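First up is the structure itself, then whatever we jot down about it.
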Amino acid sequence: MRSATYSVYILSMSIRHGLLALLERGPRYGSQLRTEFESRTGSTWPLNVGQVYTTLSRLERDGLVVQDGEDDQGHSLYSISEEGRTELRDWFESPVDRSSPPRDELAIKLAMAVGAPGVDIRAVIQSQRHHTVKAMQDYTRLKAQALTDVPANRDEVAWLLVLEQLIFQAEAEARWLDHCEARLVRLAEAAATEPEAGTPAPGPARTAKARARR
């Protein structure tokens, strides 16, 4: 049975390694890390400073970062340790685990809607598809804007990669919703052709009597 906190765990691990990747470029302080993280991801997954400092404290506890004095404005700086570089290298070299995916609210919603009294599951699907297609169109417009000029720096390239992942994800979700609706239609058609429970199938004798009455 999967842990109830698995999705939170995956997100926290992504933040943890994201901060290590930024620190490999040199010492940084908390709000600077937040700004650079959001710049790389286009604020798709916004962070607050509290999250950043909590993660830095855990990284320091685990020996992956160390405090490295202060800058001219008095900000406490953090640097990545050798253990942190090893952890970061292992993260980059290891595939993302898909064997225990985080919970998907939409999949759970549709699973619970099947057979639920008073719920029109096809209406649920159509409403979600409208929202998903609109989101995909919005992402596509953002991509077009981003490609007006050739990406000028690593942050713009990183944001473009994240944006394209969102587009492909929305496309896949829309296709899956089409598949769900088609499956429900087929099941409904099959159920309509089945004889009611307790009704015997017409045998040869009944068929002959029916013909004789015509």
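The values are calculated or read from the model by the stated rules, or taken from the named source; none is laboratory data. Everything numeric in this text was worked out from a predicted model, so none of it was measured. Cβ coordinates were reconstructed from backbone atoms using ideal geometry, including for glycine residues, and neighbour counts include every protein chain displayed. Please note that ligands, DNA and RNA were not included when accessible areas were found on the heavy atoms of the full protein model with its side chains. Shrake-Rupley method; radii C 1.70, N 1.55, O 1.52, S 1.80 Å.
At-a-glance table
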{"item": "Failed item, numbered, when Leu110 is tested on (1) in contact with a Cys (Cβ under 7 Å, 6 or more places away or on another chain); (2) within 14 Å of Ala172 (Cα to Cα)", "result": "(2)"}
{"item": "Any hit, region 65-82, residues being on the phi < 0 side of the Ramachandran plot, open to solvent by less than 70 Å² (accessible area, probe 1.4 Å) and part of a helix (DSSP H, G or I)", "result": "no"}
{"item": "Single residue of Ala190, Ala116, Ala123 found to be outside any helix (DSSP H, G or I) and small (Gly, Ala, Ser)", "result": "Ala116"}
{"item": "Residues being surrounded by fewer than 16 Cβ atoms within 10 Å (Cβ to Cβ), touching a helix residue (DSSP H, G or I) at 6+ places or on another chain (Cβ under 7 Å) and not hydroxyl-bearing (Ser, Thr, Tyr) - total across region 37-64", "result": "3"}
{"item": "Given (1) of a type in the set (Gly, Ala, Ser); (2) modelled with pLDDT under 90; (3) in contact with a Gly (Cβ under 8 Å, 6 or more places away or on another chain), number of the condition Ser100 does not satisfy", "result": "(3)"}
{"item": "First in region 164-178 and closer than 14 Å to Lys143 by Cα, second anywhere and among the charged types (D, E, K, R) and part of a helix (DSSP H, G or I), Cβ under 8 Å, 6 or more apart", "result": "Glu164/Lys143; Ile167/Lys143"}
{"item": "Some residue of region 21-43 being assigned to a strand (DSSP E or B) and in contact (Cβ under 8 Å) with a residue 12 or more places away in the chain", "result": "yes"}
